[in-house]
Amino acid sequence: MEIVLLEPFFAGSHASWAQEYAARSRHHIKILSLKGQHWKWRMHGGAVTLATEFLAGGYKPDLLLATDMLDLTTFLALTRKLTFNIPTAIYFHENQLTYPWSPTDPDPEQQRDIHYGFINYASALAADVVLFNSDYHQRSFLQELPGFLKAFPDYNEAETTQKIIDKSRTLHLGLDLKKFDGCRRDWEKSADRPPLILWNHRWEYDKNPQEFFQALYALQEQNIDFELAVLGESYRNVPNVFAEAKLKLSDHIVHWGYEKNFSDYAAWLLRADILPVTSIHDFFGMSVVQAIYCNCFPLLPKRLAYPEHITADYSERCFYTNFDDLVVRLKSACLNIESLRQEKLQVMVAHYDWGGMGAVYDDLLEKIK
């Protein structure tokens, strides 16, 4: 098959997903993309630019694979002479109906936020197949949709929700997990050092760094010995709690900041012992899955997409119920670190590697008519 993959926001996990699938697919995949910045403008105008590029390139694919950042309706309208009979799938990495908006963003207060959700809705309605990166993501989007549409004054077409439901399914994120295997060292999880606690997420409000660091402050007050590695990418509006935590936890910090080089990033994940996760949002949780693959023990809220990654035999141990429970479990993990370091967690998430997921993607996309 010839597939054109349309990605207006080519950065981070979006870019990795597109490039890694293209490299492992048995189909021929051409990526048309725009730089990953100005996400609101990408959702508004990206379709016009990519439509122009598509028409100029003379592409005649068997399938169009778009992501949630594309206004698919605009793209199809502008390319209708070529795309009127081409099957189309849309892949939702995230969606703007249930994604938590930043408290510093003025759009929700001025009721300008709903347009981005409407772009997602209309794109899903126009696509032949709608794909979500987790069961949780699919469920939350489809449950939110009827209420979202009923908020409009009239002709809100709420019944179209069923049309989207009928053509939706989960297609979990593929990841290059085996890449971590080449970075393993004998000194990982060594017994002669304190437990290493890991943060490997974006430095943003939706990852709830406030609660993460509060849990570590609680350990520090109880004189629990631990080390801390804070990875992840930061942007312009970094929550103030990071600067505060860097001072308060200075005696525990062994690394602070983004690791651009993959081997350096992998080394910290492979060395880390415990991953306390406090996020208020995760449609899949790529950083969490990567850490689990590296045998870093996760402490997770039993919500979002996380239950999809944890097997039944670990469910009681990995999930906490509230903040106090997180602190209790985190303390216990630190005090029993020798036994925790013997756990083999990789098997829970190894199936997300492209070695298996590539064929899953290929087979599914090949059947879209």
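ASP362 fulfils the conditions (1) under 24 Å from SER279 (Cβ atoms); (2) assigned by TED's automatic domain parsing to the domain that holds LEU64; (3) of a type in the set (D, E, K, R) except for a single criterion, (1). Contact annotation: residue pairs with Cβ atoms under 6 Å, 6 or more positions apart or on different chains, pairing a residue in the stretch 315-338 that is over 20 Å from PRO194 (Cα atoms) and aromatic (Phe, Trp, Tyr) with a partner that is modelled with pLDDT under 95 and surrounded by fewer than 16 Cβ atoms within 10 Å (Cβ to Cβ), are PHE319/LYS302.
In the stretch 70-87, the qualifying residues are those that are buried (at least 16 other Cβ atoms within 10 Å of the Cβ) and farther than 17 Å from VAL48 by Cβ, and the one that is farthest from the chain's Cα centre (by Cα) is ILE86.
Selection of the stretch 336-369 for residues being over 21 Å from the mean Cα position of the chain (by Cα), assigned to a helix (DSSP H, G or I) and under 19 Å from TYR314 (Cα atoms) yields ILE337, GLU338, SER339, LEU340. Residue check: is ILE164 under 26 Å from HIS93 (Cβ atoms), buried (at least 16 other Cβ atoms within 10 Å of the Cβ), at pLDDT 95 or above and not acidic (Asp, Glu)? Criteria met by ILE164. Filtered by the rule that a residue be in a loop (DSSP other than H, G, I, E, B), without any contact (Cβ under 8 Å) to a residue 60 or more places away in the chain and among the small types (Gly, Ala, Ser), the stretch 153-183 gives a lone residue, ALA158.
Listed conditions (1) under 16 Å from the mean Cα position of the chain (by Cα); (2) over 16 Å from ASP362 (Cβ atoms); (3) not polar (S, T, N, Q) are all met by TRP17, apart from (2).
The conditions of being in the same structural domain as CYS183 (by TED's automatic domain parsing) and more than 16 Å from the chain's Cα centre (by Cα) are met by GLU227. Residue count for the stretch 21-59 under the criterion of being in contact (Cβ under 8 Å) with a residue 40 or more places away in the chain and within 19 Å of the chain's Cα centre (by Cα): the result is 3.
Looking across the stretch 212-246, the residues that are of a type in the set (A, V, I, L, M, F, W, C), at pLDDT 95 or above and part of a loop (DSSP other than H, G, I, E, B) come down to ILE224, PHE226, LEU231.
The values are calculated or read from the model by the stated rules, or taken from the named source; none is laboratory data. Keep in mind that this is a model prediction, so the values were computed, not measured. Cβ: placed from backbone, ideal geometry, glycine included. Neighbour counts: every protein chain shown.
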